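Just so it is clear, none of the values below were taken in a lab; they were calculated from the coordinates. Because the structure is predicted, anything quoted here is derived from the model rather than measured. Neighbour counts are summed over all protein chains in view; Cβ atoms, including those assigned to glycine, are modelled from backbone coordinates with ideal geometry.
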Amino acid sequence: MLQQFNLLAISGSLRSGSSNHNILKYLGSIIPANINYTIYNGLAQIPAFDPGLDTEDAPASVTELRHLLANADGIVICTPEYAFGVPGSLKNMLDWLVSSSSLVDKPVALITASLGGEHAHASLLLTLGALSVKVVDGATLVISFIRSKMGADGSIADKQTQNSVDAAFKAFLMAIE
Ligand SMILES: Cc1cc2nc3c(=O)[nH]c(=O)nc-3n(C[C@H](O)[C@H](O)[C@H](O)COP(=O)(O)O)c2cc1C
């Protein structure tokens, strides 16, 4: 029997109809059968980071997130850029993970799908470095002009973009399996 793996996918956009969420849905549609794939839906419930609350008794949403991460063999982050930076909700979530070491040595794939995206992508790589994650070689991708590359049905309409996403995801899966 094939070994089972758990992947947790996190979108940096809370927007209904988000391109980043749709990319994560696409990845879920091409995932091998031996991988349990969960798209995290708790980002909006994570409170603003407060080091004073960052204890054994952390807020329930943070404890749940840490639990999901502890059980994950790999993490996929797919995010837009806001105001030349990382969306606040995503950065806030990552701040809660500094002390818990939940992401230390976890394989991570990073896709930044945005109008531009380079600033957020570079910034996130720095933050992920601070969290000592294992950003997988070949599993990082910036997709600029994302809205023009998505179909109205939420599919990745641009073939070249889909190929790039496929290649990055393949590199990622090879690293965790
Ligand atoms: C408040 C706001 C600020 C934005 N700032 C940037 C930016 O600095 N750079 C960029 O590439 N896109 C920026 N965008 C455009 C988003 O990248 C674009 O809306 C993208 O589709 C959002 O991702 P989503 O479709 O997953 O929600 C901004 C959008 C909003 C709403």
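List the relative contact order of region 5-176 as a percent without decimals, with contacts defined as Cα pairs under 8 Å and 6+ residues apart. Walk me through the numbers before you get to the answer.
Numbers: 292 pairs, mean separation 39.9, N = 172.
Reported relative contact order: 23 percent.
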- [ ] For T112, enumerate residues with amide H under 5 Å from its amide H, sequence gap 5+ or separate chain, H modeled in the peptide plane.
- [x] T79, L141, V142, I143
TODO: Calculate the length of the line joining the C-alpha centroid of region 60-94 to that of region 142-158, in whole Å.
DONE: 22 Å
TODO: Determine ³J(HN,Hα), in whole Hz, for all residues of region 93-109 in sequence, where each value follows from phi through the Karplus function 6.51 cos²θ - 1.76 cosθ + 1.60 and θ = phi - 60°; x replaces Gly and Pro.
DONE: 4, 5, 4, 5, 9, 5, 6, 7, 6, 4, 9, 4, 6, 6, x, 10, 9
- [ ] Report ³J(HN,Hα) in whole Hz for each residue of region 12-28, in order, from the Karplus equation J = 6.51 cos²θ - 1.76 cosθ + 1.60 where θ = phi - 60°; Gly and Pro get x.
- [x] x, 10, 9, 5, 5, x, 3, 4, 5, 5, 5, 5, 5, 5, 4, 4, x
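Would you mind classifying region 1-97 by shape? Square roots of the alpha carbon gyration tensor eigenvalues, ordered a ≥ b ≥ c; an a/c under 1.5 is rounded, otherwise it is prolate if a/b is larger than b/c and oblate if not.
Numbers: a/c = 2.64, a/b = 1.26, b/c = 2.10.
Because a/c hits 1.5 or more and a/b fails to exceed b/c, region 1-97 counts as oblate.
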Task: Total lysine pairs under 24 Å (Cα atoms) in the chain, excluding pairs fewer than 8 apart on one chain - done: 14
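Let me have the 222 nm mean residue ellipticity of the chain computed from DSSP H runs of 4+ only, each contributing -39500 (n - 2.57), with the sum over all residues rounded to the nearest 500.
Working: 5 runs with 61 residues, N = 177.
It comes out at -10500 deg cm²/dmol, rounded to the nearest 500.
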Task: From phi via Karplus (6.51, -1.76, 1.60), per-residue ³J(HN,Hα) for region 131-141 in Hz, x at Gly/Pro - done: 8, 6, 7, 9, 6, 6, 4, x, 10, 10, 8
Open item on the list: What does the charge count around A109 come to, taking other residues whose C-beta lies under 11 Å from its C-beta (Lys +1, Arg +1, Asp -1, Glu -1)?
Closed with: +2
Task: Selection from T161, N22, P32 lying farthest towards where the dipole of the chain points positive, charges on Cβ - done: T161
